[in-house]
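The values are calculated or read from the model by the stated rules, or taken from the named source; none is laboratory data. Please read all numbers here as calculations on a predicted model, not as lab measurements. As a convention, Cβ positions derive from the backbone with ideal geometry for all residues, glycine included, and neighbour counts pool all protein chains shown. Keep in mind that these areas ignore ligands, DNA and RNA; they rest on the heavy atoms of the full protein, side chains included. Shrake-Rupley method; radii C 1.70, N 1.55, O 1.52, S 1.80 Å.
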Amino acid sequence: MSISPLMPVYPRCGVRPVRGDNAHLISEDGTRYLDFAAGIAVNLLGHSHPGLIGAIQRQAETLMHVSNLYGSPQGEELAQRLVDITFADTVFFTNSGAEAVECAIKTARAYHQAEGSFDKVELITFENAFHGRTMATISASSQTKMHQGFKPLLPGFKYVPFDDLEAVRAAVGPNTAGFLVEPIQGEGGIRVASASFMEGLRKLADEHDLMLVLDEVQTGVARTGTLFAYEQYGIEPDVMAIAKGIGGGFPLGACLATEKAARGMTFGAHGSTYGGNPLAVAAGNAVLDAVANEEFLASVREKGERVRQRLEQFIGNYPELFEKVRGKGLMLGLKMKVEPRPFMQHLRDKHQLLTVAAGDNTLRILPPLTIGDAEISEFFDKISAGSADYMVPESV
Ligand SMILES: *Cc1c(COP(=O)(O)O)cnc(C)c1O
C-alpha cells in the first residue's frame with residue numbers, strides 16, 4: 001500500500017510539532033519555532049494558555065458531551081455573551097468554519113423562503129473568496145482549483161470582483177438572496193474591503209431586503225483589533241459566521257443572526273450532533289474571558305500598529321522582495337514581488353519562523369494575540385535574517 005494513513009490531501013512539511021509554549025512550537029526533534037501562523041489564526045491565546053487549559057480540564061471532568069436535545073446552561077451562557085457583544089440576537093454553534101458558513105447560507109435562503117420569496121436563492125460572493133471545503137462552501141468560492149474533481153457544484157452562487165460595488169449593483173437581480181463576504185479576504189491574500197464597499201453592501205441589502213452575510217471566520221474574535229472586523233466599518237450584518245479564534249484551538253464555530261434574519265431557522269430546520277457541546281463552549285467562554293475586554297483589544301491594536309510600522313520600514317530594505325504591508329490589527333500580510341511559498345519555506349526551514357502563504361502573492365503574519373516585545377523582536381530578527389540570505393529560486 002502506498003497511500004499514507006493520513007489522507008494525502010495536505011502537502012505536509014517536515015515540522016512535526018509535539019508541544020507548544022505561547023508563541024513557540026517545539027518539534028519532535030526538539031527544534032523551537034516562532035509561530036506567527038497560530039494554526040492559521042486559531043491560537044489567539046498562543047499555545048498552552050493556562051486559562052484555556054483550566055477551563056477545558058474542568059469541563060472535561062464535569063461533562064463533555066450531551067445531545068442538543070437537552071437544555072444547555074453552558075451553551076446559553078456563551079450564546080448570551082455573543083448576543084451581548086454583537087449585532088446578533090441568536091446563535092447556532094458548529095464545529096468548524098465551513099459549518100458556520102453552511103449555517104449562514106441556509107439561514108439566508110430560509111429567510112426568503114419563510115417570507116414566501118421562493119426565487120430569492122442566490123448569494124453574490126466574491127472572486128478569490130475562501131469559505132471552507134464543504135460542497136456548499138467551495139461552490140461559494142470562485143477558486144476553480146478547489147472545484148476540480150468535485151463537480152457538480154451547488155447552484156445559487158454568483159461571483160463578482162471583490163471590493164467592486166458597481167459589479168455588485170449590476171449583479172443584483174430577482175433571484176438575489178444576499179451577499180456573502182469576508183471583510184478581509186484571508187486565504188485570498190489579506191485583501192481589506194474598503195469602507196465604501198462594505199457600506200454600499202449594507203445599503204443595497206437594505207434597499208432590496210437582502211441578507212448581508214459576513215464570513216468572519218478568520219477576521220473575527222479580536223484578530224483585527226476589534227472583537228469583529230465589521231465594527232471598524234460602522235455597519236452591522238444580518239448573519240455572521242465565526243470559528244477559528246473563538247475556540248482558541250478547540251474546534252468551535254458559530255453562526256450568528258438577527259431575529260429577523262433567523263426567521264426561517266425554526267424547530268427541525270438545522271442541527272449538529274457535536275455543535276456547541278459543553279466542552280467546546282467551555283473553550284469559547286475561556287477565550288471570551290481573555291479577549292472580550294477593551295484592555296485586551298487595545299493591546300492587539302497597539303501591537304498590530306507597532307508590527308505594521310516596523311514592517312513598513314523593514315520592507316524598504318528589500319524592495320526586490322516586498323511590495324507592501326496590508327491588513328488590520330494582527331491580521332497582516334506582506335504582498336511580495338516574488339512567490340511567497342518558497343520564501344515561507346525558507347523562513348521556516350532556515351530561520352525557524354512559521355508564517356502562512358496566501359493568494360495574491362501574499363505572506364500572512366498571524367501571530368497569537370498574546371505576543372509580547374520579546375516575540376516581536378525575535379520575529380524581526382528572523383525575518384530580517386531570512387530576507388538577507390534569501391535566494392529567489394529560478395522560476396521554471
Ligand atoms: C478558515 C476559513 C473557513 C473555513 O473554516 P474551517 O474551520 O476550515 O472549515 C471559512 N472562511 C474563512 C474566511 C476562513 O478563513
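Between segment 251-317 and segment 112-157, what is the C-alpha centre distance in whole Å? Taking the Cα centre of each part, segment 251-317 and segment 112-157 sit 23 Å apart. When the alpha-carbon atoms of segment 130-260 are used, the pair Rg, Dmax equals 14.6, 41 angstrom. In straight-distance terms, cross-link reach from Lys324 covers every one of the lysines whose alpha-carbon lies under 21 Å from its own, apart from those fewer than eight places away in the same chain; here that gives Lys303, Lys335, Lys337, Lys382. Here the scattering of segment 160-222 is modelled by Debye summation over its C-alpha atoms, one equal scatterer each and no solvent; at q = 0.21, 0.29 Å⁻¹ the log10 of I(q)/I(0) is -0.84, -1.37. Structural descriptor for segment 63-291: relative contact order 31 percent, calculated from alpha carbon pairs under 8 angstrom and at least 6 residues apart. For the peptides 381-390, 309-318, 213-222, the ranking by packing is 213-222, 381-390, 309-318, with the highest mean count of neighbouring Cβ atoms within 10 Å listed first. Here the Karplus relation 6.51 cos²θ - 1.76 cosθ + 1.60, evaluated at θ = phi - 60°, turns the backbone of segment 186-192 into coupling constants of x, 4, x, x, 6, 9, 8 Hz, with x for every Gly and Pro.
D by Stokes-Einstein for segment 314-377, Kirkwood Rh over Cα pairs, 25 °C, 0.890 mPa s: 199 µm²/s. Shape of segment 192-283 from the C-alpha gyration tensor: oblate (a/c of 1.5 or more and a/b not above b/c, with a ≥ b ≥ c the square roots of its eigenvalues). Semi-axes of the equivalent ellipsoid of segment 63-291 are 27, 19, 18 Å, computed as sqrt(5λ) over the eigenvalues of the C-alpha gyration tensor in descending order. In this structure, the amide hydrogen of Thr362, modeled 1.01 Å from its nitrogen in the peptide plane, lies closer than 5 angstrom to those of Met336, counting only residues at least 5 positions away or on a different chain.
Per residue, the average separation of C-alpha pairs within less than 8 Å and at least 6 apart gives the chain a relative contact order of 23 percent. For segment 63-291, DSSP calls about 40 percent of its internal beta bridges antiparallel.
Rounded to the nearest 5, what % of DSSP beta bridges with both residues in the chain are antiparallel? Rounded to the nearest five, the antiparallel share is 65 percent.
Rounded if a/c is under 1.5, else prolate if a/b beats b/c, else oblate: with a ≥ b ≥ c from the C-alpha gyration tensor eigenvalues square-rooted, which is segment 171-326? Oblate is the answer for segment 171-326, as a/c is 1.5 or above yet b/c matches or exceeds a/b. Over all pairs of different C-alpha atoms in the chain, the reciprocal of the mean inverse distance, the Kirkwood hydrodynamic radius, equals 21.8 Å. Rolling a 1.4 angstrom probe over the protein heavy atoms with all chains in place gives segment 63-291 an accessible area of 39 Å² per residue. Evaluated over segment 63-291, the count of Lys pairs having alpha-carbon atoms less than 21 Å apart is 11 (only pairs 8 or more residues apart or interchain). Does anything in segment 216-234 have its amide N under 17 Å from the 7 Å Cα→Cβ label point of Asn293, and if so which residues? Once the point is set 7 Å along Cα→Cβ of Asn293, 222, 226-227 turn out to lie under 17 Å by backbone N, inside segment 216-234. When the convex hull of its Cα atoms is viewed from all sides, segment 248-296 shows a mean projected area of 4.7 nm². For the chain, the 222 nm mean residue ellipticity estimated from helices alone, with every DSSP H stretch of n ≥ 4 adding -39500 (n - 2.57) and the total spread over all residues, rounds to -11000 deg cm²/dmol. According to the square roots a ≥ b ≥ c of the eigenvalues of the Cα gyration tensor, what is the shape class of segment 85-129, taking rounded for a/c under 1.5, prolate for a/b larger than b/c otherwise, and oblate for the remainder? Oblate, because a/c is 1.5 or more while a/b does not exceed b/c. Computed log10 I(q)/I(0) for segment 60-142 at 0.11, 0.16, 0.25 Å⁻¹: -0.43, -0.84, -1.21, from the Debye equation with unit scatterers placed on every C-alpha and solvent omitted.
Note on segment 63-291: with neighbouring protein chains present and a 1.4 Å probe, carbon and sulfur make up 53 percent of its accessible heavy-atom surface. Rolling a 1.4 angstrom probe over the protein heavy atoms with all chains in place gives segment 8-55 an accessible area of 52 Å² per residue. When the alpha carbon gyration tensor of segment 245-396 is reduced to an equivalent ellipsoid, its three semi-axes come out at 37, 19, 15 angstrom, largest first.
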